[in-house]
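Colleague: Before we start, here is the structure in question, set down as structure tokens.
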Amino acid sequence: MQPLNSIEDAYEHAPCGLVTTQVDGTIVRVNATFCSWCGFAAIELINRRRIQDLLTVGGKVFHQTHWAPLLLMQRSVAEVKLDIRHSAGHKVPMLINAVRQGAGDGQFDDFAFVIVTDRDKYEQELLSTRLKAEASLEAKHQAELALQAIDRRKDEFLATLAHELRNPLAPIQAVVELLKNKELLDPQVLWSRGVLERQVGQIARLVDDLLEVSRVAEGKLELRREKTNLNAVIQQSIEASRWLIDASSHVLTLSLPASPIILDADPGRLTQVIQNLVNNAAKYTPSGGLIEVTAVREADEATVTIRDNGIGIAAEHLPTIFGIFAQLTPGLSRAQGGLGIGLSLVRALVERHGGTVEAASKGIGKGSEFVVRLPITLNQIDDSSSHATEARLVGKQRRVLIIDDNEDAALSLAMLLEIDGHEVQTAHDGASGMELLLQSPAEIVLLDIGLPDINGYELAKQIRQHSEGRSALLIALTGWGQEQDKLDAVAAGFDLHLTKPVDYPQLLAILNQS
């Protein structure tokens, strides 16, 4: 075993700088390691410099305010990181431990210095990385805020667009209903009335689809589940699509099971799904085509298949066919004004019901097949029709007040209601509407929200404050149809919220049953 170095050598060449000072900081002993790190000879330090003289300006302040007081009070300082000024002028980062020894006039301070250049570099890198990470997080946060703002503006734009489109649709639809009450003999006039009716319905569906896709994407679409007869839903969907099928001279075959298939579902949403798929089959199949609709029960699932011999789908387009605004080039000429959001809405609604939808095709010109699978309920007893067969009141004359700044919409709806035996008054601003209500109390008030002189919600609150309006059936009839609009209507005191253009048979049913 090689003999150990002497104590003097071990001190001189220790792997750390060792310094002893008087209480005032005067250096009285220093090892070679510290001298080499600082660039001074021992003779230049001992009894010639104080330890604080080797510190930077910031280090000297720290020595005076922290280091010296701590040594006085607790007689030790641990792991203080300060820069030592090298004789050549540059700074050397060091970690310092200090202990005060002795007592009375015989006190002195022992120091141990360790160079922490690598540690300092790592700390700088960590700090830099941390700052970059914080900057990235802040950028991400700002991007999320920007996306939320864009999303809000998108919702506001869609809601405004829907409102502006629905307002002119309301009087057009009312006029169509008026024409349906007339005995028209001219074939061209009859055809024109049918065109108006179909195109108004198409525009209304496009507006609804735009808003519904937005609600589905944000998870805001609610299902009103009830026991639903799938057979009846399919038949109603086909009936609603019949005009489109007949217009192209298609042959549609329907195959339903003898026993009804009962689902826990929203019948209105399921009708949207089936009607959308049948409409697509009719639109994308050349005239005189074949459309097959079948429904079967398979274990605990109901399977609905819509098959056609139309233009088909290329294999490379099948994976994206359910994407929003997806329209295939061969089908653009047959889209008939569609926005390419129907299949996206179909998939979203089916999935909200816990089901799946798939598309298949053997290629261009070889037709398409869409298969919807939905979970069925254990209880297959059909009591869904009991609610629909409740006795309806025979049409009873009602006193109706319509308050709408769109004169065409108000007057055309008033004409329709008068034809059906109701007593109707109209007003085109809030003040005259309130005046009419107080002069001649109405049983039903159809109130638009966007009035020129007062917000419809505020007017509803005022109506409820008068005895003439407390018992009235207050219906919001408006182009604003988002969920928040419906909640605001309830909060303002409305009994019902109907979206323009109003479903006239539905409105009549409400008046008869109120």
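Colleague: Looking only at helices (runs of 4 or more DSSP H) that lie completely in segment 395-467, which have at least 3 residues being more than 25 Å from Ile172 (Cα to Cα)? Don't jump to the end; show me each part of the working.
Modeller: On the way: elements: 407-419, 430-439, 456-465.
Correct list: 430-439, 456-465.
Colleague: Here is a follow-up. Please work out which one of (1) modelled with pLDDT of 90 or more; (2) farther than 30 Å from Cys35 by Cβ is the condition Leu161 fails and give its number.
Modeller: The failed condition is (1).
Colleague: Taking the stated definitions as given, is Gly367 more than 29 Å from Glu226 (Cβ to Cβ) and modelled with pLDDT under 90? Lay out the reasoning, then the answer.
Modeller: Working: more than 29 Å from Glu226 (Cβ to Cβ): yes; modelled with pLDDT under 90: no.
Against the criterion (more than 29 Å from Glu226 (Cβ to Cβ) and modelled with pLDDT under 90), Gly367 does not qualify.
Colleague: When you check Glu138 against the structure, is it assigned to a helix (DSSP H, G or I), closer than 30 Å to Leu71 by Cβ and acidic (Asp, Glu), yes or no?
Modeller: no
Colleague: Could you look through segment 492-510, keep only residues that are of a type in the set (D, E, K, R) and closer than 27 Å to Arg198 by Cα, and pick out the one that is surrounded by the most Cβ atoms within 10 Å (Cβ to Cβ)? Outline the logic, then answer.
Modeller: Filtering segment 492-510 for residues of a type in the set (D, E, K, R) gives 495, 500, 503.
Next, only the ones that are closer than 27 Å to Arg198 by Cα stay: 500, 503.
Numbers: Lys500: 27, Asp503: 13.
The qualifying residue surrounded by the most Cβ atoms within 10 Å (Cβ to Cβ) is Lys500.
Colleague: Please name all residue pairs, on different chains or six or more residues apart, with Cβ atoms under 6 Å, provided the first residue is in segment 21-45 and is more than 27 Å from Asp105 (Cβ to Cβ) and the second residue is among the charged types (D, E, K, R).
Modeller: Here the result reads Ala32/Glu12, each pair linking segment 21-45 to a residue that is among the charged types (D, E, K, R).
Colleague: Which residue out of Ile449, Ile475, Ile444, Ile403 is in contact with a strand residue (DSSP E or B) (Cβ under 7 Å, 6 or more places away or on another chain) and either aromatic (Phe, Trp, Tyr) or more than 30 Å from Lys182 (Cα to Cα) (or both)?
Modeller: Numbers: Ile475 fails: either aromatic (Phe, Trp, Tyr) or more than 30 Å from Lys182 (Cα to Cα) (or both); Ile444 fails: either aromatic (Phe, Trp, Tyr) or more than 30 Å from Lys182 (Cα to Cα) (or both); Ile403 fails: either aromatic (Phe, Trp, Tyr) or more than 30 Å from Lys182 (Cα to Cα) (or both).
Among Ile449, Ile475, Ile444, Ile403, only Ile449 is in contact with a strand residue (DSSP E or B) (Cβ under 7 Å, 6 or more places away or on another chain) and either aromatic (Phe, Trp, Tyr) or more than 30 Å from Lys182 (Cα to Cα) (or both).
Colleague: Go through (1) closer than 21 Å to His163 by Cα; (2) small (Gly, Ala, Ser); (3) surrounded by fewer than 19 Cβ atoms within 10 Å (Cβ to Cβ) for Ala489 and report which single condition fails.
Modeller: Ala489 satisfies all of (1) closer than 21 Å to His163 by Cα; (2) small (Gly, Ala, Ser); (3) surrounded by fewer than 19 Cβ atoms within 10 Å (Cβ to Cβ) except (3).
Colleague: Report yes if some residue within segment 280-300 is within 30 Å of the chain's Cα centre (by Cα) and either outside any loop (DSSP other than H, G, I, E, B) or aliphatic (A, V, I, L, M) (or both); otherwise report no.
Modeller: Applying the first criterion (within 30 Å of the chain's Cα centre (by Cα)) to segment 280-300 yields 280.
This time we only want the ones that are either outside any loop (DSSP other than H, G, I, E, B) or aliphatic (A, V, I, L, M) (or both), so: 280.
Looking through segment 280-300, at least one residue is within 30 Å of the chain's Cα centre (by Cα) and either outside any loop (DSSP other than H, G, I, E, B) or aliphatic (A, V, I, L, M) (or both).
Table: residues versus (1) of a type in the set (Lys, Arg); (2) under 41 Å from the mean Cα position of the chain (by Cα); (3) modelled with pLDDT under 75.
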position	(1), (2), (3)
Leu165	no, yes, yes
Ala174	no, yes, no
Leu179	no, no, no
Leu184	no, no, no
Arg193	yes, yes, no
Leu206	no, yes, yes
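Colleague: Further question: State the number of residues belonging to segment 50-72 that are part of a helix (DSSP H, G or I) and closer than 13 Å to Arg85 by Cα.
Modeller: Taking segment 50-72 and keeping what is part of a helix (DSSP H, G or I), we get 51-54, 57-72.
From what's left, closer than 13 Å to Arg85 by Cα: 51-54, 57-60.
Total satisfying the criteria: 8.
Colleague: Turning to a different aspect of this structure: Among the residues of segment 139-148, are any over 18 Å from the mean Cα position of the chain (by Cα) and over 13 Å from Trp480 (Cβ atoms)? Full working, then the answer.
Modeller: First, the residues of segment 139-148 that are over 18 Å from the mean Cα position of the chain (by Cα): 139.
Okay, now just the ones that are also over 13 Å from Trp480 (Cβ atoms), so 139.
Yes, some residue in segment 139-148 is over 18 Å from the mean Cα position of the chain (by Cα) and over 13 Å from Trp480 (Cβ atoms).
Colleague: Taking segment 48-87, which residues are acidic (Asp, Glu) and more than 21 Å from Gln101 (Cα to Cα)? Don't jump to the end; show me each part of the working.
Modeller: Going through segment 48-87, the residues acidic (Asp, Glu) turn out to be 53, 79, 83.
Passing the criteria: Asp53, Asp83.
Colleague: Select, from Gly481, Gly456, Gly421, the only residue that is buried (at least 19 other Cβ atoms within 10 Å of the Cβ), modelled with pLDDT under 90, of a type outside the set (Ser, Thr, Tyr) and not assigned by TED's automatic domain parsing to the domain that holds Leu179. Reasoning before the result, please.
Modeller: Working: Gly456 fails: modelled with pLDDT under 90; Gly421 fails: buried (at least 19 other Cβ atoms within 10 Å of the Cβ).
Exactly one of Gly481, Gly456, Gly421 is buried (at least 19 other Cβ atoms within 10 Å of the Cβ), modelled with pLDDT under 90, of a type outside the set (Ser, Thr, Tyr) and not assigned by TED's automatic domain parsing to the domain that holds Leu179, namely Gly481.
Colleague: Return the pairs, sorted by first residue and then second, in which the second residue is assigned to a helix (DSSP H, G or I), the first residue lies in segment 145-158 and is not assigned by TED's automatic domain parsing to the domain that holds Gly479, the beta carbons are less than 8 Å apart, and the residues are 6+ apart or on different chains.
Modeller: Within 8 Å, the pairs are Lys154/Ser214; Asp155/Ser214; Leu158/Leu210; Leu158/Leu211; Leu158/Ser214.
Colleague: Also: Take segment 34-77 and flag every residue that is polar (S, T, N, Q) and in contact with a His (Cβ under 6 Å, 6 or more places away or on another chain).
Modeller: Initial filter on segment 34-77 (polar (S, T, N, Q)): 36, 47, 52, 56, 64-65, 74, 76.
If the condition is that a residue be polar (S, T, N, Q) and in contact with a His (Cβ under 6 Å, 6 or more places away or on another chain), then Gln52 is the only one that fits.
Colleague: Criterion first (of a type in the set (Val, Ile, Thr), farther than 15 Å from Gln101 by Cα and surrounded by 16 or more Cβ atoms within 10 Å (Cβ to Cβ)) does Val30 satisfy it? Don't jump to the end; show me each part of the working.
Modeller: Working: of a type in the set (Val, Ile, Thr): yes; farther than 15 Å from Gln101 by Cα: yes; surrounded by 16 or more Cβ atoms within 10 Å (Cβ to Cβ): yes.
Yes; evaluated as a whole, the condition is true for this residue.
Colleague: Which one of these does Asn47 not meet: (1) surrounded by fewer than 13 Cβ atoms within 10 Å (Cβ to Cβ); (2) assigned to a helix (DSSP H, G or I); (3) of a type in the set (S, T, N, Q)?
Modeller: (2)
Colleague: For segment 61-82, state whether one or more residues are exposed (fewer than 14 other Cβ atoms within 10 Å of the Cβ), under 20 Å from Tyr11 (Cβ atoms), more than 59 Å from the chain's Cα centre (by Cα) and not aromatic (Phe, Trp, Tyr).
Modeller: no
Colleague: What is the one condition in (1) modelled with pLDDT of 90 or more; (2) loosely packed, with under 15 Cβ neighbours inside 10 Å; (3) outside any helix (DSSP H, G or I) that Pro93 does not satisfy?
Modeller: Tallying (1) modelled with pLDDT of 90 or more; (2) loosely packed, with under 15 Cβ neighbours inside 10 Å; (3) outside any helix (DSSP H, G or I), Pro93 fails exactly one: (2).
The values are calculated or read from the model by the stated rules, or taken from the named source; none is laboratory data. Source: prediction; values computed, not measured. Because the Cβ atoms are built from the backbone with ideal geometry, glycine has one as well, and the counts that use them run over all protein chains shown.
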